[in-house]
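Here is the structure we will look at.
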Amino acid sequence: MMMANNTLIVAGKEFRDDMRNHWTLAITAIFAVLALAIAYFGAVTAGHVGFTSFDATMASLTTLAAFVIPLIALLIAHDAIVGERDSGTLPLLLSYPLSRLELAAGKFLGHSGVLAVAILAGFGTAAVAILAANPETRSLASLGSIVTFIASASLLGASFVGLACLISVLVREKARAAGFALLSWLMLVILFDLLLLAVLVISGGNAVEQAVYPYLLLLNPIDVFRLINLVGLGNNGGNGIFMAMTAAHAYHPWVLYGALAAWAGMPFAGAVLVFRRQEM
């Protein structure tokens, strides 16, 4: 009970600090504006302006979230521990009846909570606007897609908050932590998929690789997030190539959610393990 209370106290402080720094308001505004822009101007290259279809919009929002959410999560949490060490407050914090696990868990929950609130408010506002402007999209299926998107986006954010916490305990300088955070974003958001596609193109995509490829995507939380949201859209979201290359029938929804939850927990567990073994 004491451990839970200490963790919640730290989480509450981190949440309030982010609120006072206007992080939540800024992130919410970014999500809402980008989501509405994607919904309205998403088909501009085809000569259309305005809302096209719900599935196409959700596919575009999934792509947007896959780029933006990891970056924001890394930016708000990369100094979770190293920031306290740099400012000299870490020894003071640990002099209280507060364990390193409680401190790290509070930081993780606080930043993940802020990001989840921003995702709910930002993308939720955009979704309400889309549904209000287009009565034909109001259905249980559409609502289910929106709920799935917001829940999986929050888990994606938690995954990268955990990764940021791991980076934060591995380095001793805030500037270096920021650099590693941006490098991690570049590798997971851009280079990982490019590498997999390059291997398929060079090899010609033989049967063995086509069978293994869908499971390699589980090694990247961003691709798991895409799978959760795009598989349900089928070819209607303009993602026929993606569907063809990932063998959608191989994925069970609970496997995907389990993989994303594991990605939210494993980096944080690694951060706690390293943090416990470190000197002050």
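All of the numbers you see were taken from the coordinates with simple rules; none came from a lab. No experiment lies behind these values; they were computed from the predicted model shown. Here the Cβ positions follow ideal geometry from the backbone for every residue, glycine too, while neighbour counts run over all protein chains shown.
The length gained on full extension between Ala4 and Leu101, counted as 0.36 nm times the residue separation minus their Cα-Cα distance, comes to 33.9 nm. Counting other Cβ atoms within 10 Å as a rough exposure proxy, the listed residues Lys107, Lys174, Lys13 run Lys13, Lys174, Lys107 from fewest neighbours to most.
Per-residue Karplus couplings for the stretch 160-175, computed as 6.51 cos²θ - 1.76 cosθ + 1.60 with θ equal to phi - 60°, are listed in order as 7, 5, x, 5, 5, 5, 5, 4, 5, 8, 8, 10, 10, 9, 5, 4 Hz, Gly and Pro entered as x.
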